[in-house]
Each structure stands twice: as structure tokens, then as C-alpha cells.
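Structure record follows, encoded as C-alpha cells.
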Amino acid sequence: MTFGFWLSKVGKPYNGILFNIHKLIALGTVIVTSVQVYKTLKVLEPQSLLIISIIAAVIGVVALFASGAFLSIGNLNYQTMKTIHTIALVLDGLALVAIVYLLNGKM
Ligand code: HEM
């Protein structure tokens with residue numbers, strides 16, 4: 001995330017190193033989080049609220065990657081893509097808080 005703000009501050013044309021670090025950290029975080037959530041779901045009987053939070057998180061991640069890609073290609077409206085990147089970011093933040101809250105004390 002920090003690299004996202006930095007990337008945003010430096011602006012277009014995006015700094016190559018910052019942009020790639022931003023993408024790699026995003027990808028790494030998603031992979032580590034997915035593995036952990038998958039492991040958790042294998043040992044837990046998930047409640048519906050948890051499933052909903054996980055689905056919201058997945059939608060957020062897909063929207064982040066799609067809007068991020070379009071931001072970098074620049075073929076779609078910049079402001080729209082940036083708004084989607086921000087909304088998806090907030091959605092994922094909320095979903096993560098909900099997941100941690102719902103799993104708290106269950107492990
Ligand atoms: C978990 C995934 C991700 C998170 C949490 C994340 C977070 C952020 C944040 C916090 C910002 C700065 C605030 C903003 O401009 O709205 C940002 C900007 C940006 N992100 Fe991401 N991002 C993610 C994935 C990606 C991916 C996969 C790409 C590219 C394929 C990408 C491309 C960009 C670009 C180009 C900007 C700069 C936008 C601008 O101000 O011109 N992001 N991201």
C-alpha cells in the first residue's frame with residue numbers, strides 16, 4: 001500500500017521500479033493471504049458471515065488488479081479507474097478487518 005501512495009505521488013509516467021515493487025508486493029500479499037485463508041477453511045466450519053467477507057475480499061482484489069492494470073495501460077478513463085482502485089482498496093480493508101474479527105478466538 002505504501003508503495004501505491006508513493007507511486008501515486010510520483011505520478012505518470014509511473015516510476016518503473018516503484019510500479020513493479022507495488023505489483024509484486026500486491027501479488028505476494030494476495031498469495032500469502034489466500035494460502036492462510038485456505039488452510040484456515042480446511043480446519044474450520046465457516047459461518048456464512050465469514051464466507052461473505054471472503055467473497056467481498058476476492059471481489060476487491062480482482063477489482064484492484066483490473067483497475068491497476070487499466071491505470072497503467074491508460075486506455076480507459078483515468079479518474080474512473082483511480083476511483084475503482086480506491087473503492088476496492090477500502091472494500092478489501094473492511095473485508096480483512098471482518099475476517100480477522102470473525103476468526104478471532106476460533107483458532
Ligand atoms: C492488493 C492489491 C493492491 C493494493 C492494496 C493497492 C493499493 C494502492 C494504493 C494505496 C495506491 C495509492 C492510492 C491511489 O492512487 O488510489 C495505489 C496506486 C496505484 N496502483 Fe495499486 N494496489 C494494488 C494492486 C495494484 C496492481 C495489481 C496494479 C497494477 C497492475 C496497481 C497499479 C496502481 C497504479 C498504477 C497506481 C497509481 C495511480 C495513480 O495515482 O496514478 N495496483 N495502489
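Calculated FRET efficiency, residue 20 to residue 48, Cβ-Cβ distance, R0 = 41 Å: about 0.60 to the nearest 0.05.
Please list 93-99, 15-21, 72-78 highest first by mean number of surrounding beta-carbon atoms within 10 Å per residue. Mind dumping the intermediate values first?
On the way: 93-99: 15.7, 15-21: 13.7, 72-78: 11.7.
Top of the packing list down: 93-99, 15-21, 72-78.
If you roll a 1.4 angstrom probe over the protein chains with everything in place, what fraction of the accessible area of the chain belongs to carbon and sulfur, to the nearest %? Carbon with sulfur: 74 percent of the solvent-accessible area.
The values are calculated or read from the model by the stated rules, or taken from the named source; none is laboratory data. Computed from a prediction, not measured in an experiment: that's the story for all the values here. Every residue, glycine among them, receives a Cβ derived from its backbone with ideal geometry; neighbour counts consider all protein chains shown. Ligands, DNA and RNA are stripped out before the accessible areas are found, and what is left, the full protein with its side chains, is counted by its heavy atoms. Shrake-Rupley method; radii C 1.70, N 1.55, O 1.52, S 1.80 Å.
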